[in-house]
Amino acid sequence: MINSVEKLNEYSAACTKCLEDKLAGADDKRHIVLCGGTGCLSNNSAEIRKRFEEVLEEKGVSDRATVNQVGCFGFCSQGPFVKIYPEDTLYRLVKLEDVEEIVESDIIGGQVVERLLYEDPVTGEKVSKQDDINFYKKQRRVALHGCGVINPENIDEAMGMGAFQGLKRALSMTQQQVIDEVLASGLRGRGGAGFPSGRKWQFALNSQSDVKYVVCNGDEGDPGAFMDRSILEGNPLAVIEGMMIAGYAIGAQNGYFYVRAEYPIAVKRLRIAIDQARKMGLLGKNILGTGFSFDCHLRLGAGAFVCGEETALLNSIEGKRGMPRPRPPFPAVKGLWGQPTIINNVETLACVPTILREGADYFSSVGTEKSKGTKVFALGGKVNNVGLVEVPMGTTLRELIFDIGGGIPNGKKFKAIQTGGPSGGCLTEEFLDEPIDFDNLVAKGSMMGSGGAIVMDEDNCMVDVAKFYMSFICDESCGKCSPCRIGTKRMLEILTRITEGKGTMQDLDDLEELSRTVKANSLCALGQTAANPVNSTLAHFRDEYIAHIVDKKCPAHVCKNLMEYHIDPDKCIGCGMCHRGCPVDCIQKTDYIAPGHKMTSLAIDSTKCIKCGSCITVCRFGAIEKR
Amino acid sequence: MGGLNAAAVAKIEEICGRYKDENTPLMMILSDIQNEYGYIPLEVQEIVSKQTGISVAEIYGVVTFYSFFSLTPKGKFVIGCCLGTACYVKGAQQVIDKFSEELGIKPGETTDDGMFTLDALRCIGACGIAPAVSINGKVYPKMTASQVREVIAQQYLIAEKEGITA
């Protein structure tokens, strides 16, 4: 039991030494760590870990190396990762059959396996250390502190990285001092709206009640955002500690995690971390002998996007349909079970221990004037380096997409980046040099959101993207207020009509009017922001809408009704692969033989074609094109 | 509730009992039942109602609100096509359309033989390997429409190997 500050200091010092020795190799051992994030686990990372243990055993060197699983490395498109300490060698895209070679060559022979190192796509150079890879160079880890370094299922490793040091300092301060520290750090909510966290805490502290709650919003619903999941999977204790500090600051005794049921690994690790902290006396009554008591509880979502809205989330915890409540009263006054409650996002809480441990200045020294610290982005879509990226606020979109993200694959042209998910907007090339911060993104017609950043290239149809987001919102609208319930449905119908080539110019005016109505009259942020993707695509890509309506053409060749597949007879060698894969048998031989070819080329009967795209995926000669 | 055997009733009562010290535990109870049986039919909701004192109407309201809860049983193989944004911009719609066509069911439906359920998922966080398809928890990375038939065939092989019948 760690029931005093002295005991915590003693225990932490031992854990820190143990972890440092391990990373520096002072224990004369090699340490193999594998990424245990969702992306790598679905690429066999758990089996690879087992294989390492087997091979070390087989070769009789299991006393010379340890095998451990850590949280997400962030560079998901290059996973699974294997890292070897103390040399800090990073292997990527590791397969089961590579394990034996790594053990023989590196662990036993001390020779780096060159072919498994990351190769810089520009210079072609092999890079052996994580920090030398461009993807990581501009990153700075605050919220992701410990992720990819520690074993999230082992509290000792988290303690080795400073866990509970922030809490320790907070408990030596008054509640008001803690809130002042958070205010001074400039921390703003990472869930999307960017409300100053310290002010939210102040409201809750000022609310008079014996019972108060802290709720952690882990209902990360933005499709394409997975930073909260990675934090919970990589260092759950940091979020627990952040919640405890918040609890102390406002005078709460209990905290609730609300996590998506779609995140089983995060849930499991959070559960383990809570149990371990309880067993050590770090959660419960009279923590560190200071008289502060706090416990954490876990509640799961059940697949409703709207529960990311704070009042809907509270209803869900209360066992009701996840529908938002009118505000005021705000949760800080009347929240969970009618008591004062603060609701903070996972990433926000993960920043709190660092602020208390290192001081407000440490956090606020990074960032822009009004957006301090760092922000984690889930970079995805048409970008080479897909993954999780934490950058200082103020980093430009160009740095994010091209320096860190490595640009657009296959030499395609950048078209837009969607930030803020279904509530945000798209930003085009002209905004690439804009610094990323809360206010600037809003000023440019998008928003920070929770940090999803989806890159789109010339092959993406922006009308189709707007339709995609609208169908998502329409699906997820809870139905409580009619502007959102009916307005999103009508907008989806119009967008569907346009993508089918049945739109009229009047539709564009109707879309704009509907979006104004839905924005002004919806009860919660889901409805109020529902039209943002439509508005921003209309603002930047009006010509694409017009092409669909007037020319009946989809310039990106995405909308099925407005495009055709065509076989270039001079490129087609007549192999018949497309014919065999065609589900409606609409590809037939012609009597034309191209110069240099032996067989007659094929042609698509566009009256029969259902535009499934099977042919284009199987053609190895690039003979099939979209028109 | 003629359709439920005594063991099932006892199990559901046991699940309700797990959370009797928790404030408003309905969601936790329903999640456990969903995980245990794969669906939450009306007979089961009636037992939960008796155990918790919450009206069946309210429970039904909650069950139908959340997409994770189902009133009907799911197939032996639940094919979840991720339609998160990262997967969508890389062609996930074609993949789910192809599954739909091959299995003859729409997303959310189960085949008549009870073998397959097709679900559209919202971001499973496997954005690095988009488009991703998850079948009974196993993730198939970088799916294309042309791989769909083969993946379905693989499920039949798994069914044969593990003795799963429709």
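Residues in segment B:131-156 that are at the interface with another protein chain (Cβ under 7 Å from one of its Cβ atoms) and part of a loop (DSSP other than H, G, I, E, B) were compared, and the one that is farthest from A:T38 (Cα to Cα) is B:T144. Within the option set A:L427, A:L508, being more than 12 Å from chain B (Cβ to nearest Cβ) and part of a strand (DSSP E or B) holds for one residue only, A:L427.
Taking segment B:1-71 as the region of interest, the helices (runs of 4 or more DSSP H) fully inside it that hold 3 or more residues being within 14 Å of another protein chain (Cβ to nearest Cβ) and touching a Leu at 6+ places or on another chain (Cβ under 8 Å) are B:26-37, B:56-65. Of the residues contained in segment A:202-223, none is found to be outside any strand (DSSP E or B), in contact (Cβ under 8 Å) with a residue 40 or more places away in the chain, within 22 Å of A:K372 (Cα to Cα) and small (G, A, S). If we scan segment A:136-153, do we find a residue that is of a type in the set (F, W, Y) and more than 21 Å from A:L23 (Cα to Cα)? No, the conditions are met nowhere in segment A:136-153. Counting the residues of segment A:1-58 that are out of contact with any helix residue (DSSP H, G or I) (no Cβ under 8 Å at 6 or more places or on another chain), among the hydroxyl-bearing types (S, T, Y), surrounded by 15 or more Cβ atoms within 10 Å (Cβ to Cβ) and in a loop (DSSP other than H, G, I, E, B) gives 0. When each of A:T590, A:T517, A:T504, A:T499 is tested for being touching a residue at least 12 places away in the same chain (Cβ under 8 Å), among the hydroxyl-bearing types (S, T, Y) and under 30 Å from A:G191 (Cα atoms), the lone residue that passes is A:T517. Filtered by the rule that a residue be within 25 Å of A:D21 (Cα to Cα), surrounded by fewer than 23 Cβ atoms within 10 Å (Cβ to Cβ) and small (G, A, S), segment A:69-119 gives A:S105, A:G109, A:G110.
Could you pull out the residue among A:I494, A:I486 that is more than 22 Å from the chain's Cα centre (by Cα), more than 14 Å from chain B (Cβ to nearest Cβ), modelled with pLDDT of 95 or more and buried (at least 18 other Cβ atoms within 10 Å of the Cβ)?
One residue alone meets the criteria, A:I494.
Checking each residue in segment A:394-424 for being of a type outside the set (D, E, K, R), over 22 Å from A:R140 (Cβ atoms), over 18 Å from the mean Cα position of the chain (by Cα) and assigned to a loop (DSSP other than H, G, I, E, B) picks out only A:I408.
Residues that are in contact with a strand residue (DSSP E or B) (Cβ under 7 Å, 6 or more places away or on another chain) and within 15 Å of A:F257 (Cβ to Cβ) within segment A:177-234 comprise A:G191, A:Y213, A:V214, A:V215, A:C216, A:N217, A:G218, A:D219, A:D228, A:L232, listed in sequence order.
Within segment A:11-39, the residues that satisfy the criterion of being within 30 Å of A:P264 (Cβ to Cβ) and away from chain B (no Cβ under 14 Å) are A:C15, A:C18, A:L19, A:K22, A:L23, A:H31, A:I32, A:V33, A:L34. Please go through segment A:588-607 and give me each residue that is of a type in the set (S, T, N, Q) and either within 14 Å of chain B (Cβ to nearest Cβ) or part of a loop (DSSP other than H, G, I, E, B) (or both), ordered by number. Scanning segment A:588-607 gives A:T590, A:T600, A:S601, A:S606, A:T607. Entry remark, segment B:118-130: residues being within 8 Å of chain A (Cβ to nearest Cβ), touching a Pro at 6+ places or on another chain (Cβ under 6 Å) and under 15 Å from B:S67 (Cβ atoms) number 2 in total.
Anything in segment A:373-416 that is β-branched (V, I, T) and either under 27 Å from A:S185 (Cα atoms) or at the interface with another protein chain (Cβ under 10 Å from one of its Cβ atoms) (or both)? List them, or say none.
Quick first cut of segment A:373-416, residues β-branched (V, I, T) only: A:374, A:376, A:383, A:386, A:389, A:391, A:395-396, A:401, A:404, A:408.
Once the filter is applied, which keeps residues that are β-branched (V, I, T) and either under 27 Å from A:S185 (Cα atoms) or at the interface with another protein chain (Cβ under 10 Å from one of its Cβ atoms) (or both), segment A:373-416 yields A:T374, A:V376, A:V383, A:V386, A:V389, A:V391, A:T395, A:T396, A:I404.
Among the residues of segment A:275-285, at least one is within 21 Å of A:D210 (Cα to Cα) and not aliphatic (A, V, I, L, M). Restricted to strands (runs of 3 or more DSSP E) entirely inside segment A:250-329, those with at least 1 residues that are at pLDDT 95 or above and within 27 Å of the chain's Cα centre (by Cα) are A:254-259, A:292-300. Restricted to segment A:430-458, and to residues there that are free of Cβ contacts under 8 Å to residues at least 40 places away in the same chain and in a loop (DSSP other than H, G, I, E, B), the residue that is surrounded by the fewest Cβ atoms within 10 Å (Cβ to Cβ) is A:D433.
Evaluating A:V122 against the criteria (1) buried (at least 18 other Cβ atoms within 10 Å of the Cβ); (2) part of a loop (DSSP other than H, G, I, E, B) leaves one unmet condition, (1). Residues in segment A:511-523 that are part of a loop (DSSP other than H, G, I, E, B) and either of a type outside the set (A, V, I, L, M) or surrounded by fewer than 16 Cβ atoms within 10 Å (Cβ to Cβ) (or both): 1 in all. Could you please let me know if A:I610 is out of contact with any His (no Cβ under 9 Å at 6 or more places or on another chain), part of a loop (DSSP other than H, G, I, E, B), at negative phi and within 14 Å of chain B (Cβ to nearest Cβ)? So A:I610 fits the description; yes.
Is it true that A:V61 is modelled with pLDDT of 90 or more and crowded, with 20+ Cβ neighbours inside 10 Å? No, not satisfied. Condition (residue is in contact with a helix residue (DSSP H, G or I) (Cβ under 9 Å, 6 or more places away or on another chain) and part of a helix (DSSP H, G or I)) applied to segment B:74-84: is it met by at least one residue? No: segment B:74-84 contains no residue that is in contact with a helix residue (DSSP H, G or I) (Cβ under 9 Å, 6 or more places away or on another chain) and part of a helix (DSSP H, G or I).
The values are calculated or read from the model by the stated rules, or taken from the named source; none is laboratory data. None of these values were measured; they are calculated from a predicted model. Heads up, the Cβs are rebuilt from the backbone with ideal geometry, glycines too, and the neighbour counts pull from every protein chain shown.
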